[in-house]
Amino acid sequence: EVATGVYGLWAGDTNGNGNVVLSGGGNDRDSVLNAVLDDAGNAGSNLNFIVTGYLNTDANMDGQTIAGGSNTDLNVIANSILDHPGNTDGNGNFLIVSQLPATP
């Protein structure tokens with residue numbers, strides 16, 4: 001519940017494991033980096049390469065997976081973690097666990 005009676009999803013579960021993780025094992029940053037660096041069109045493994053398509057690694061759903069520069073999907077993951085209301089200490093290793101809303 002993001003506000004009283006309003007439900008939403010936290011962006012950033014780019015590896016599809018049901019969690020949003022910024023650092024440590026199973027983090028979502030690695031899947032974004034791997035998608036960019038390992039893309040067949042990115043022959044030089046350039047961090048600033050942009051992968052196009054609505055993919056799991058497209059955390060902000062703009063049709064692009066971006067790891068380098070500004071407006072990156074890595075920032076979306078970091079902001080979800082650092083801005084989460086349950087992360088009162090601003091920990092980078094905070095874990096957001098996905099869940100379905102309770103039925104009324």
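The values are calculated or read from the model by the stated rules, or taken from the named source; none is laboratory data. All of these numbers come straight from a predicted model, not from anything done at the bench. Glycine also receives a Cβ, built like all others from the backbone with ideal geometry; neighbour counts cover every protein chain displayed.
Pairs, please: C-beta under 6 Å, at least 6 apart or cross-chain, first residue farther than 16 Å from Leu9 by Cα and in the stretch 86-98, second surrounded by 10 or more Cβ atoms within 10 Å (Cβ to Cβ) and hydroxyl-bearing (Ser, Thr, Tyr)?
Partner pairs satisfying both residue conditions: Gly92/Ser23; Asn93/Ser23.
Within the set of pairs 6+ apart or on separate chains, which have a first residue in the stretch 1-28 that is of a type in the set (Phe, Trp, Tyr), a second that is buried (at least 21 other Cβ atoms within 10 Å of the Cβ) and in a strand (DSSP E or B), and C-beta atoms under 6 Å apart?
Taking only residues 6 or more apart or on different chains, the pairs are Trp10/Val20; Trp10/Ile96.
Note down all Cβ pairs under 6 Å where the first residue falls in the stretch 44-63 and is on the phi < 0 side of the Ramachandran plot, the second is modelled with pLDDT of 95 or more and among the charged types (D, E, K, R), and they're at least six residues apart or on different chains.
Val51/Asp39; Ala59/Asp73
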